[in-house]
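This report concerns only the one structure given below.
The values are calculated or read from the model by the stated rules, or taken from the named source; none is laboratory data. Since the model is a prediction, treat every value here as computed from it, not as a measurement. Quick reminder, even Gly has a Cβ in these numbers, built from the backbone with ideal geometry, and neighbours come from all protein chains shown. Just the protein is used for accessible areas: all its heavy atoms, side chains included, with ligands, DNA and RNA removed. Shrake-Rupley method; radii C 1.70, N 1.55, O 1.52, S 1.80 Å.
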Amino acid sequence: MTTRRKLTASTAALATLAGSLTIVAVSAGTASAGCQPDRDDLKPRYVAGSAKKARIRTGLASSAVQGPGQARYHDVKSAASSVEGSAEAKAEIGKWIAKAEVKAGVKLAKKWSHKEEWEYVLYIDRGKTQRIRMWHLAKKQTITKYIWDVAHCSKTKVKWKHTMITPMKGNSNNVWLRENA
């Protein structure tokens, strides 16, 4: 019978202790005590994927020509191109463009423009109606923004992921191509 009394006394002590406990709730928006991010961890991290060749269309184009013949462009005008992709990533371009440049291995620009006397001629084949247009060389990459993930105690949560086409810096990165009219 002494064993039974000890058990009953222990159970009563546990019940009293449990009744006096205060439950503390931790909100999902803050890190738990075991997961305290540094100040730098709270800043987003941007990662640029591998860069592929791309082109961005400019506003310079000849009149349409029915072949056989030559399509000519000759004028003093400004050619321009700018980053193409999501508005969300464009809004943060200053934060990710340096990472994109490193991954692409070339200098990239938010916008490119240049005024010059442009002159270019291409032959148009018989039976085709085409014009020539200037395109500016660019790099196409996937940009990913990571933010702090409380659940995993690391900067692994993807905030957004977008494919962006960013123009290369420099005035010699232009190509003239035929396009159907």
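Scanning the stretch 37-54 for residues that are within 17 Å of residue 145 (Cα to Cα) and either assigned to a strand (DSSP E or B) or open to solvent by less than 40 Å² (accessible area, probe 1.4 Å) (or both) turns up 45, 46, 47, 48, 49, 51.
Count of the stretch 152-161 residues, restricted to those that are open to solvent by 40 Å² or more (accessible area, probe 1.4 Å) and either under 15 Å from residue 85 (Cα atoms) or in contact (Cβ under 8 Å) with a residue 24 or more places away in the chain (or both), is 3.
This table checks each residue for (1) surrounded by 15 or more Cβ atoms within 10 Å (Cβ to Cβ); (2) in contact (Cβ under 8 Å) with a residue 40 or more places away in the chain; (3) of a type in the set (Phe, Trp, Tyr); (4) more than 25 Å from residue 61 (Cβ to Cβ).
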site: 78; (1), (2), (3), (4): no, no, no, no
site: 96; (1), (2), (3), (4): yes, yes, yes, yes
site: 104; (1), (2), (3), (4): yes, yes, no, yes
site: 113; (1), (2), (3), (4): no, no, no, no
site: 119; (1), (2), (3), (4): no, yes, no, no
site: 122; (1), (2), (3), (4): yes, yes, no, no
site: 130; (1), (2), (3), (4): yes, yes, no, no
site: 133; (1), (2), (3), (4): yes, yes, no, no
site: 143; (1), (2), (3), (4): yes, yes, no, yes
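Reported count of residues in the stretch 97-143, each being among the aromatic types (Phe, Trp, Tyr), touching a Phe, Trp or Tyr at 6+ places or on another chain (Cβ under 8 Å) and closer than 30 Å to residue 50 by Cβ, is 1.
Against the definition (in contact with a strand residue (DSSP E or B) (Cβ under 6 Å, 6 or more places away or on another chain) and free of Cβ contacts under 8 Å to residues at least 60 places away in the same chain), how does residue 43 come out, yes or no? Answer is no for this residue.
Of everything listed in (1) closer than 18 Å to residue 61 by Cβ; (2) open to solvent by 60 Å² or more (accessible area, probe 1.4 Å), the single unmet condition for residue 88 is (1). Could you go through the stretch 55-63 and let me know if any residue there is farther than 21 Å from residue 167 by Cβ, over 25 Å from the mean Cα position of the chain (by Cα) and outside any helix (DSSP H, G or I). There is at least one residue in the stretch 55-63 that is farther than 21 Å from residue 167 by Cβ, over 25 Å from the mean Cα position of the chain (by Cα) and outside any helix (DSSP H, G or I).
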